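Since the structure comes first, as structure tokens, the remarks are kept for the end.
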Amino acid sequence: MDPMADLGQDDAGFTPAARNALAELEEAGLASQARTMAWASVNSGSYELANLQVMADLLCEAFSALPGSVERLALPPAQRVRSDGVVEERALGDAIRIQVRPQAALQLALTGHYDTVFPAQHAFQHVREADGRLHGPGVADMKGGLSIMLDALLAFERSGLGRGVGYTVLLSSDEEIGSPGSATLLAALGAQARFGMTYEPATPDGFLIDARKGSGNFTLVVRGRAAHVGRAFEQGRNAVTAAARFAAALDALNGRLPGVTCNVGAIEGGGPVNMVPDRAVVRFNLRAPDKVAIQTALAAVDRLVQDLDGSDGFSARLHGGFGRPPKPLGPAQQAAAALVRAAGRRIGLDLAFRASGGVCEGNNLAAAGCPNIDTLGVVGGGLHSDEEWALKSSFAERARLSFAILEGVASHALPLPERIA
Ligand SMILES: [Zn+2]
């Protein structure tokens, strides 16, 4: 006979209340998939304001089942440099913040986004089930994740085990465009939470991510001098060819700085071929593994900008920055991964981690000192494409994982990482 049985604990150390909650979550998988399909049927591309409102209403209603306050927070507009170099503002949807037991000594942060990369006119809108998978826009990234986050929190509340733990849920509308509006909310949340849980999908083979590079999006606006090709070609200063030279110099940085990548995404500008074009923009992305590499990369880019700016009738102005700071695998992140691995073992999951060059809200939480695991969503793949899918069996599995983390933290069975220094 199991000697623990008399104490009301099974061999994983769960109390009867926790065991009940885990059994309920096993049963809740199908309903969670149905809710995900309903949510994914609402288009919520990052700039689709009316649709984002509809989605926010659905989320507010669903998350109001938690015993806390639900607020909608207006976000400041995002800025975008147009191809003529003019900076314009674009309105964003609301963030949603739910706070439960804000007075508790231990505070956790749970974050996710309800925008997707698919605008309303994109062909990929239909949601369907086939071959043990859900297919549709956002089923994995991340409406499925939001659904299991809610499942786990509801089970945690019903179990009565969470009295000593408070938490804030932040649901954002602008993650897929780099969190320009919600970055300050994420930073404030990361500054006060002891541990973060974010619901990006796990990899297609079920891995979680423990470390991420930092990522910055930049736009260089180049201004030259317009001239008629036939009458005064020599007086012109061609902004398009200057932008092309700048882009080639950026590309040449690849392989020179350890771990740093520089991708030129677009050169825009110019017009009729009988005019020397006076305006062009270069859009590019930098990724770097840590703060030192970011400083080195930024210095290299700055030298290229200085070389162009003011030279021979040209001017150059750089916009943008590292909106996603790096999330290196330091001691606190190692401890965060160990916590999640231990929680997985208690429910029979053998979880593995790897690093990624991709970025998400977990980067922002880590930069504010909050150790976090940011791939606690469903298992899925084909992200940001019309092949996106979510594994149906992972809904119950990963909801149980989140519950096991929450229960383990609340019962002190799983030690929390220190904050990131
Ligand atoms: Zn995502």
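The values are calculated or read from the model by the stated rules, or taken from the named source; none is laboratory data. No experiment lies behind these values; they were computed from the predicted model shown. Glycine gets a Cβ as well: all are built from the backbone with ideal geometry, and neighbour counts include every protein chain shown. Just the protein is used for accessible areas: all its heavy atoms, side chains included, with ligands, DNA and RNA removed. Shrake-Rupley method; radii C 1.70, N 1.55, O 1.52, S 1.80 Å.
Just name one of 198, 165, 365: the one whose Cα is farthest towards the positive end of the charge dipole of the chain (beta-carbon charges, Lys/Arg +1, Asp/Glu -1).
The one lying farthest along the dipole's positive direction is 365.
Take every DSSP beta bridge whose two residues both sit in the chain, then give the antiparallel share in percent to the nearest 5.
The antiparallel fraction comes to roughly 75 percent.
Please identify, among 191, 355, 266, the residue showing maximal mean-square fluctuation in a Gaussian network model of the chain using a 10 angstrom Cα cutoff.
So, out of 191, 355, 266, the one fluctuating most is 266.
Less than 13 Å apart at the alpha-carbon level, and either on another chain or at least 8 residues along: which aspartates and glutamates does that give for residue 327?
Within reach: 210, 290, 361, 374.
Could you compute how much accessible surface residue 419 exposes when probed at 1.4 Å, giving the result in Å² to the nearest 10?
My reading of the accessible area for residue 419 is about 90 Å².
Which one of 99, 87, 13 has its Cα pushed farthest toward the positive end of the charge dipole of segment 1-151, where Lys and Arg give +1 and Asp and Glu give -1 at the Cβ?
The residue sitting farthest along the positive end of the dipole is 87.
Can you list the HN-Hα couplings for segment 272-288, worked out from phi with the Karplus curve (6.51, -1.76, 1.60; θ = phi - 60°), rounded to whole Hz and with x for Gly and Pro?
x, 6, 9, 10, 6, x, 9, 9, 7, 10, 10, 9, 8, 10, 10, 10, 8
Go through 296, 184, 168 and list them by solvent-accessible area, largest first, probe radius 1.4 Å.
Details: 296 65, 184 100, 168 5 Å².
Sorted descending by solvent-accessible area, the residues read 184, 296, 168.
Take 245, 163, 72 and sort them by solvent-accessible surface of the protein heavy atoms, 1.4 Å probe, largest at the top.
Sorted by accessible area, descending: 163, 245, 72.
Any chance you could look up the accessible area of residue 37 with a 1.4 Å probe, heavy atoms only, rounded to 10 Å²?
Approximately 40 Å² of residue 37 is accessible to the 1.4 Å probe.
Give me the percent of the accessible area of the chain that comes from carbon and sulfur atoms, probe 1.4 Å, all protein chains in place.
It is 53 percent, rounded to a whole number.
Scan the chain and note any complete DSSP helix (H) whose C-alpha atoms cover at least 20 Å along its axis and whose Kyte-Doolittle average is -0.5 or more.
Taking the DSSP H segments of the chain (at least 20 Å long, mean hydropathy at least -0.5), we get 16-40, 49-63, 144-159, 291-308, 331-346, 393-410.
Could you put 207, 284 in order of accessible surface area, largest first, with the 1.4 Å probe and the full protein assembly present?
I get 207, 284, largest accessible area first.
Mind jotting down the three principal axis lengths of segment 123-265 based on Cα atoms? Whole angstrom, largest first.
Principal extents (largest minus smallest coordinate, Cα): 80, 42, 29 Å.
Give me a comma-separated list of calculated 3J(HN,Hα) values for segment 221-226, in order, Karplus coefficients 6.51, -1.76, 1.60 applied at θ = phi - 60°, integers in Hz, x for any Gly or Pro.
Coupling constants for segment 221-226: 9, 9, 10, x, 9, 6 Hz.
How large is the dipole of segment 184-296 about the Cα centre if only Lys and Arg carry +1 and Asp and Glu carry -1, each at its Cβ, rounded to the nearest 20 debye? Spell out each step's value before the answer.
On the way: 13 positive and 8 negative charges, 86 e Å.
Magnitude of the dipole: close to 420 debye.
Could you identify which residue out of 249, 109, 56 has the top mean-square fluctuation in a GNM of the chain using Cα springs shorter than 10 Å?
Of 249, 109, 56, the most mobile in the Gaussian network model is 249.
Running a GNM on the chain with Cα contacts under 10 Å, which residue among 328, 119, 371 ends up with the highest mean-square fluctuation?
Maximum among the listed residues: 119.
Mind jotting down the three principal axis lengths of segment 17-74 based on Cα atoms? Whole angstrom, largest first.
Here the spans come out as 42, 26, 14 Å, largest first.
Give me the Debye-computed log₁₀ of I(q)/I(0) at q = 0.12 Å⁻¹ for the chain, equal point scatterers on Cα only, no solvent, two decimals.
-0.96
Once you have a ≥ b ≥ c as the square roots of the Cα gyration tensor eigenvalues for segment 246-355, tell me rounded if a/c is under 1.5, and otherwise prolate or oblate according to whether a/b is larger than b/c.
prolate
List the residues, sorted by chain then number, that are 5 or more residues from residue 214 or on another chain and whose placed amide H is less than 5 Å from its amide H.
So residue 214 has HN proximity to 288, 290, 327.
Accessible area per residue for segment 128-216 in Å², computed with a 1.4 Å probe and the full protein assembly in place, what is it?
26
Apply the Karplus parameterisation 6.51 cos²θ - 1.76 cosθ + 1.60, with θ equal to phi minus 60°, to every residue of segment 73-80 and state each ³J(HN,Hα) to the nearest whole Hz, in sequence, with x for glycine and proline.
Each residue's phi maps through the Karplus curve to give 10, 5, 9, x, x, 7, 10, 9 Hz.
Using modelled amide H (1.01 Å from N, peptide plane; none on Pro or chain starts), what sits under 5 Å from the amide H of residue 82, excluding residues fewer than 5 places away?
Amide H neighbours of residue 82, under 5 Å, 5+ apart: 87, 88.
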